[in-house]
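The values are calculated or read from the model by the stated rules, or taken from the named source; none is laboratory data. These numbers were taken from a predicted model, which means no experiment stands behind them. When we count neighbours, we look across all protein chains shown, and the Cβ atoms used for this are built from the backbone with ideal geometry, even at glycine. SASA here: full protein model, heavy atoms, side chains in, ligands and nucleic acids out. Shrake-Rupley method; radii C 1.70, N 1.55, O 1.52, S 1.80 Å.
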Amino acid sequence: MKMEKAYKLLALQEGISNRAAKELIDRGVVYAAGKKVSVARGELLPSTKFKVEKIAPIKVLFEDEYIMAVDKPAFMTSEEVAEIKKLPLLHRLDRETSGVLLLTKDDAFREKAVNAFKKREVQKEYIAIVEGKVVEAVEVNAPILTIKKGNSAYSKISSDGKEAISHIEPLMIEGKRSKVKVKIETGRTHQIRVHLKSIGASILGDTEYGGRPFKRLMLHASKIMLLGYIFQSKEPEDFIKFSE
């Protein structure tokens, strides 16, 4: 039987353009036979049935004249959120990471906030679902070196890297997976992903850093404390029901 490119089959099924179909596959929201379709030009049987995950809306958690805190959905870039809200980002989350994302509305406040980040006066907490059993709290103090190529970046522990400190605390163990809380003192690129991998607890869905394939990277930015503000985002449904 003749095979056809995934994006063309998806375009036919959804009644959308080839370009729109490619974008959905690249975003990571398209599945076939229970597995994520990751290569738009990959060839599949014409009878393939696709499931397209809907992207949750952006929720505003808090807003005043200085700052806006939003609950970023998975599968959306931080830059897309900034474009939609027409405000500059204060920091970034990876595309598949959900949770608290901050944008600023006032230049003087932005300068104060940037300085707070530099002085490590900002506290950030994340929730992750990881491989393996994490049974006790651990501090990972290991420098991280980031290699950037074009629009992509890859980080690793290296003596040539910058200081990076993460505090990992177990919340729940279910089978061969654990739910953990991670507090970070520094904000290196992919810091949590690299540090969790280093203790044998790669994040579920984080195939780049040793995790098993899953519907998404199971990392959620749950809390940020900054300049007297406290912003919190509830765990998404798939974190609450991670054992199912």
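Numbers below:
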quantity	calculated
Selected residue (only one of 163, 174 is open to solvent by 10 Å² or more (accessible area, probe 1.4 Å) and out of contact with any Pro (no Cβ under 6 Å at 6 or more places or on another chain))	174
Residue in the range 130-150 that is farthest from the chain's Cα centre (by Cα), counting only those that are charged (D, E, K, R) and surrounded by 14 or more Cβ atoms within 10 Å (Cβ to Cβ)	133
Condition broken by residue 201, with the remaining ones in (1) open to solvent by less than 10 Å² (accessible area, probe 1.4 Å); (2) under 12 Å from residue 130 (Cα atoms); (3) of a type outside the set (Val, Ile, Thr); (4) in a strand (DSSP E or B) satisfied	(4)
Among (1) modelled with pLDDT under 90; (2) closer than 20 Å to residue 207 by Cβ, the one test that residue 20 misses	(2)
Residues (crowded, with 23+ Cβ neighbours inside 10 Å and not in a loop (DSSP other than H, G, I, E, B)) located in the range 88-100	98, 99, 100
Hey, residue 155 more than 28 Å from residue 60 (Cα to Cα), at pLDDT 95 or above, of a type in the set (Gly, Ala, Ser) and surrounded by 17 or more Cβ atoms within 10 Å (Cβ to Cβ) or not	yes
Residue identified as touching a Lys or Arg at 6+ places or on another chain (Cβ under 7 Å), acidic (Asp, Glu) and in contact (Cβ under 8 Å) with a residue 24 or more places away in the chain among 136, 125, 174	125
Filter result (β-branched (Val, Ile, Thr) and either touching a Ser or Thr at 6+ places or on another chain (Cβ under 6 Å) or within 24 Å of residue 68 (Cβ to Cβ) (or both)) within the range 213-244	224, 230
Inter-residue pairs, beta-carbon under 6 Å, first at positive phi and in the range 74-85, second part of a helix (DSSP H, G or I) and open to solvent by 30 Å² or more (accessible area, probe 1.4 Å), 6+ apart	75/27
Flag for residue 185 being closer than 22 Å to residue 211 by Cβ and in contact (Cβ under 8 Å) with a residue 40 or more places away in the chain	no
Of all residues in the range 194-209 being of a type outside the set (Val, Ile, Thr) and touching a residue at least 60 places away in the same chain (Cβ under 8 Å), the one that is farthest from residue 138 (Cα to Cα)	205
Residue count, the range 28-50 (criterion: assigned to a loop (DSSP other than H, G, I, E, B), closer than 15 Å to residue 216 by Cα and open to solvent by less than 60 Å² (accessible area, probe 1.4 Å))	3
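Residue-by-condition table, conditions (1) in contact with a helix residue (DSSP H, G or I) (Cβ under 6 Å, 6 or more places away or on another chain); (2) surrounded by fewer than 17 Cβ atoms within 10 Å (Cβ to Cβ); (3) touching a residue at least 12 places away in the same chain (Cβ under 8 Å); (4) assigned to a loop (DSSP other than H, G, I, E, B):
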residue: 7; (1), (2), (3), (4): yes, no, yes, no
residue: 26; (1), (2), (3), (4): no, yes, yes, no
residue: 62; (1), (2), (3), (4): no, yes, yes, no
residue: 68; (1), (2), (3), (4): no, no, yes, no
residue: 102; (1), (2), (3), (4): no, no, yes, no
